[in-house]
Amino acid sequence: MMSRIFSGIQPTGNLHLGNYLGAIRNWVDLQHQFESIYCVVDLHAITVPQNPAALHQATIEVTASLLAAGIDPKQAIIFNQSRVPQHAELAWIFNCVARLGWLNRMTQFKEKAGKNRENASVGLFAYPALMAADILAYKATHVPVGEDQKQHLELTRDIAGAFNAMVEEDFFPLPEPQIIGEATRVMSLRDGTSKMSKSDASDFSRINMNDDADTIVQKIRKAKTDPDVLPETAEALDDRPEARNLVTIYAALAGTDIDRVLAEYAGQGFGQFKPALADLAVAKLEPVTQAMRRYMDDTAEVIKVLDDGAERAHAIAQPIMSDIRKRLGFLGESLG
Ligand code: TYM
């Protein structure tokens, strides 16, 4: 079977360094090797309440950052999920394939729903079935994501397998997660045991893709660390989560690995390492931030990319969905 990449990102809040190092940067590399489809998942965003004007703006901003990071709309397809109705249509079918027990195991639902689970939307619970639909509506074979999406991809494979068994045919590929690079799980700058995330109340916990150079420097200067010097081996970082996180970020930004970073900085304290990291982060991120500002000055171009991407995505998903309808015995063609 031909390889096809699919991945998604939510248009909520600021994109941060975790999104960039864990996912987007890999998307940029992969677009040259494979047919690639990158989706701004607005249907996923509304699993929690959204302000419509903010969602609209965030959809444009996230797209601008994908373009600024180097995704080329002539190579890859970039579009927003809600424009291609096959996502929602297939998600419903997958809601009927997935078992309650499978979804009950999803740790991200537990985290996001928090204590007040009775009040979470049904959509938040069914979120991974929509994610499976995103991927399988294109029969994608590879899915580049950060570590936190691994469980959702296992569920996607379970759904694909159950559907294939139901129709007695290898209809869907079982998509492979691609969790690539040094920084598959970037941690908060304030707490090395929790993930860098858009929803953290403290802006100092993350580096945003639209932070200016001064802000980046200040956030790294204030990042939580410990008083020890950097060790010689990666194992010695195991019980130093904050130190490990900063070294990992350095390695990922520099395009090297943790061992090489330690070979250079072993014996030095954070008084020396933090300024080096800040310089590197600014050097790598500033061109992206500046390009993003240029795209935000001309949002018509960004919207045109999304329009074009939606048409191209639809052209792939529509015939696949039509085949699915036939397999299930649905009468007639969908009007979507
Ligand atoms: P989202 O929007 O939370 O994140 C987008 C991508 O960024 C990665 N990521 C991280 N990687 C490393 N360290 C971090 N701290 C970090 N935080 C986020 C995520 O793993 C992800 O790859 N459910 C998905 C979006 C989605 C999707 C899909 C992905 C919807 N449909 C289909 C793949 C295929 C999500 O909420 O990602």
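Where the alpha-carbon atoms of the range 203-294 are placed on the principal axes, they occupy 43, 24, 19 Å, in descending order. Helix 299-328 against the longest principal axis of the chain: what's the angle in degrees, Cα atoms only, rounded to the nearest 10? So the inclination is approximately 50 degrees. Helix 86-95 and the longest principal axis of the Cα set of the chain meet at an angle near 90°.
Using a 1.4 angstrom probe on heavy atoms only, work out the carbon and sulfur share of the accessible area of the chain in %.
Carbon-and-sulfur percentage of accessible area, whole number: 51.
Fraction of C-alpha pairs exceeding 20 angstrom in the range 1-89: 34 percent, rounded to a whole number. Along each principal axis, taking the top coordinate minus the bottom one, the Cα set of the range 87-194 gives 50, 38, 21 Å in descending order.
Among the GluC sites (Glu not before Pro) found in the range 288-333, those both in a DSSP coil and sparsely packed, with 13 or fewer other Cβ atoms within 10 Å of their Cβ, are E333. Note on surface exposure: C96, C39 rank C96, C39 by accessible area, highest first, 1.4 Å probe. Between the helical axis of 270-297 and the longest alpha-carbon principal axis of the chain there is an angle of about 40 degrees. The trypsin sites (Lys or Arg not before Pro) of the range 1-92 that DSSP puts in a loop, and whose beta carbon has at most 15 other beta carbons within 10 Å, are K74.
Checking the cross-link pairs K198/K274; K304/K326; K115/K219; K74/K284; K115/K150 against a 28 Å limit on the alpha carbon distance flags K304/K326; K115/K219 as lying beyond it. Solvent-free Debye calculation, one equal scatterer per alpha-carbon of the range 250-334: log10 I(q)/I(0) at 0.12, 0.17, 0.18, 0.23 Å⁻¹ equals -0.68, -0.81, -0.85, -1.06.
Shape analysis of the range 68-123 yields a ratio of the Cα radius of gyration to the Kirkwood radius, Rg/Rh, of 1.12. Computed over the alpha-carbon pairs of the chain, the distance histogram in 20 Å steps reads 30, 56, 14, 0 percent, short to long. Counting only protein heavy atoms and a 1.4 Å probe, the range 203-294 has 47 square angstrom of accessible area per residue.
The loop-placed GluC sites (Glu not before Pro) in the range 144-175, going by DSSP, that have at most 11 neighbouring Cβ atoms within 10 Å of their Cβ come out as E168, E169. Report the net charge of residues surrounding N80, where surrounding means a beta-carbon distance below 14 angstrom and charges are Lys +1, Arg +1, Asp -1, Glu -1. So the surrounding residues net to -3. Which whole-angstrom value gives the distance between the alpha carbon centres of the range 53-88 and the range 311-336? Here the two parts' Cα centres lie 23 Å apart. Taking 1.306 mPa s as the viscosity and 10 °C as the temperature, the Stokes-Einstein diffusion coefficient of the range 140-226 based on its alpha-carbon Kirkwood radius rounds to 102 µm²/s.
The values are calculated or read from the model by the stated rules, or taken from the named source; none is laboratory data. From a predicted model like this one, the values you see are computed outputs, not experimental measurements. Here Cβ is always computed from backbone atoms with ideal geometry, including for glycine, and neighbour counts include all displayed protein chains. SASA here: full protein model, heavy atoms, side chains in, ligands and nucleic acids out. Shrake-Rupley method; radii C 1.70, N 1.55, O 1.52, S 1.80 Å.
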